[in-house]
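Report on one structure; see the data block that follows.
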Amino acid sequence: MVNILYFHNSSLISGGERSLLALWKSIDRVRFNPIALLPGEGPLAEEARKLRIKVYVFCVPRIYPWVTWGLIKAVRKLSGIVVEEKISLIHSYSPRNNAIAWWVGKRKHIAVIWHERNLIYGRERDVTRDLLKWPQAVICNSQAVAARFLIQGRLPDKVRVILNGVDCLEFTPADDKESAKASFGWQGKIIVGLVSHLGERKGVETFLEIAELVSRARKDVFFVVVGGEYNGSPDRLSALKRYAQSLGLSDKVFWSGFQIDVGTYLKAFDVACNVTEKEACSRSILEAMAAGVPVAAFADGGTPELVVDGETGILVTPGDKKMFASRLAELLEHHDVRLRLGAGGRARAQNLFDVKINAEKTMALYDELLEKKGQVR
């Protein structure tokens, strides 16, 4: 058995962490033994332990010249775990963790993978591209993310595209959608949902603005936001509720808060929306498709790699809220079209995005790197 250390940058659970949990559930535990190093206790540590994964907790400080001692402690902590657990490979997330993982991997002669799940916003520096020579491999969760690393139109061999995976046995279409709605008290309503944490980049305000436009013409539409506050924004939900009230939506939007089980909500959705700017590879889109729910989204980032306009959902020009609302309202008029798009999404998820595919590609990369390092099992 090969011990793999997952050096993660969050103790909370959002899309990236759901993808990591799905990988842990699907990886061959006879061949690979996952061990987690997380920045703190929290939902991710709890879920990891339920999967019989050993968890270490250590918060890596920000990389500044005046926190040198903190970085030394981080290197020592990681080195100690590598030795104690006989780690053969480090699978790392976030630039801060990546730099430390590379240094320890170099000293201990073990392979290091950096995992990139995001696109670059605004004037952010692409640290991973700058330091691309360091790791043995970089996993990108979409072609859109991988495009960050193009060199003269080609991807370096070390950059691999492995899309997020969804468990199509866990996320399934509702046997009876009206019963699923009734379990929440939403019987007789058309449900338009958004599965997302409430961080500012996720565009929840945009969803509310689209909801206001749609609700002008459709009084039977109810909007559901499944997700909670994230990364130290305790007043975010209150601010969003005030904004919904200013749009006249107070009695038309339900806020679920953080949920481990989003599949129960998806079964009640008639349409699932994604409105994030520069979405890399939305897990919520994949889960909706697996659940047989048509998706309405902006044609931005990696989303066109997932959603096929007219076959699994609708894609709209990025930022065009009026067009989004118009096409969504049209889709809500046609139950048969929603059924067709939902079935198309389910089939596409099973054929291309099932977590088994993600796990097999990831394990194949592990095998390749272990062989190069002379650690063939």
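Derivation of every value follows stated rules applied to the coordinates shown; laboratory data play no part. Because the structure is a prediction, the values reported are computed rather than measured. Cβ atoms come from the backbone with ideal geometry, glycine included; neighbour counts cover every protein chain shown.
Which entries in Lys54/Lys158; Lys189/Lys321; Lys54/Lys267; Lys25/Lys321 show an alpha-carbon gap greater than 26 Å?
Working: Lys54/Lys158 29 Å; Lys189/Lys321 23 Å; Lys54/Lys267 33 Å; Lys25/Lys321 38 Å.
Beyond 26 Å: Lys54/Lys158; Lys54/Lys267; Lys25/Lys321.
Report P(r) for the chain: all Cα-Cα distances, bin width 10 Å, range 0 to the bin holding the largest distance, values in whole percent.
Answer for the chain: a P(r) of 5, 23, 32, 23, 12, 4, 0 percent.
Over region 75-142, what per residue volume does the convex hull of the Cα atoms give, in whole Å³?
Working: hull volume 5.6 nm³, N = 68.
Here the figure is 82 Å³ per residue.
Project the alpha carbons of region 1-137 onto their principal axes and report the range along each, largest first, in whole Å.
Result for region 1-137: principal-axis Cα extents of 40, 33, 27 Å.
Under the Karplus relation 6.51 cos²θ - 1.76 cosθ + 1.60, θ = phi - 60°, what is the ordered set of whole-Hz ³J(HN,Hα) values for region 52-57, x standing for Gly and Pro?
The phi angles translate into 6, 9, 6, 10, 9, 10 Hz.
Relative to the compact globular guide of 2.2 N^0.38 Å, what is the alpha carbon radius of gyration of region 251-340, as a ratio? Working shown, then result.
Working: Rg = 12.7 Å, N = 90, 2.2 N^0.38 = 12.2 Å.
After normalising by residue count via 2.2 N^0.38 Å, the value is 1.05.
Considering only DSSP beta bridges whose two residues both sit in region 177-353, what percent are antiparallel, to the nearest 5?
In region 177-353, approximately 5 percent of DSSP beta bridges are antiparallel ones.
Working only with C-alpha atoms, what are the Rg and Dmax values of region 109-248, expressed in angstrom?
Spelled out, the Cα radius of gyration and Dmax of region 109-248 are 20.7, 63 Å.
Given a Förster radius of 41 Å and the C-beta distance between Phe58 and Tyr243 as r, what FRET efficiency does 1/(1 + (r/R0)^6) yield to the nearest 0.05?
Working: r = 38 Å, r/R0 = 0.92.
After rounding, the FRET efficiency stands at 0.65.
Please report the antiparallel percentage of DSSP beta bridges with both residues in the chain, rounded to the nearest 5. If you can, show how the numbers build up before the last one.
Details: 2 of 50 bridges.
Among the beta bridges of the chain, antiparallel pairing accounts for roughly 5 percent.
May I ask you to list, by number, the DSSP H helices of the chain whose Cα span along the axis is at least 18 Å and whose average Kyte-Doolittle hydropathy reaches 0.0 or more?
On the way: long enough: 68-84 (24 Å, 0.71); 95-108 (19 Å, -1.09); 204-217 (21 Å, 0.74); 335-348 (20 Å, -0.75); 355-372 (26 Å, -0.31).
Flagged H segments are 68-84, 204-217.
Would you calculate a helix-derived [θ] at 222 nm for the chain, using -39,500 (n - 2.57) for each DSSP H run of n ≥ 4 and dividing by the full residue count, to the nearest 500? Don't skip to the answer; put the middle values down first.
Values: 14 runs with 146 residues, N = 377.
Result for the chain, helices only: -11500 deg cm²/dmol.
Contour minus end-to-end for Glu311 and Trp186, with contour as 0.36 nm per residue of separation and end-to-end as the Cα-Cα distance? It would help to have the intermediate numbers written out before the result.
Values: separation 125, 0.36 × 125 = 45.00 nm, distance 2.73 nm.
Full extension of this stretch gives 42.3 nm more.
Projected onto the charge dipole of region 177-353 (+1 at Lys/Arg Cβ, -1 at Asp/Glu Cβ, origin at the Cα centre), which of Leu315, Ile190, Ala239 gives the Cα projection farthest towards the positive end?
Ile190
Given a 10 angstrom Cα cut-off, can you work out which residue in Asn33, Asn274, Asn164 is the most mobile in a GNM of the chain?
Largest GNM mean-square fluctuation: Asn33.
Below 8 Å between Cα atoms, with a sequence gap of 6+, how large is the relative contact order for region 177-353 in percent? Each step should come with its number before you reach the end.
Numbers: 326 pairs, mean separation 39.7, N = 177.
Relative CO of region 177-353 lands at 22 percent.
Indicate the gyration tensor shape class of region 177-353 (rounded, prolate or oblate), computed on the Cα atoms with a ≥ b ≥ c the square roots of the eigenvalues: a/c under 1.5 is rounded; otherwise a/b larger than b/c is prolate and the rest oblate.
On the way: a/c = 1.32, a/b = 1.19, b/c = 1.11.
Since a/c stays below 1.5, the shape of region 177-353 is classed as rounded.
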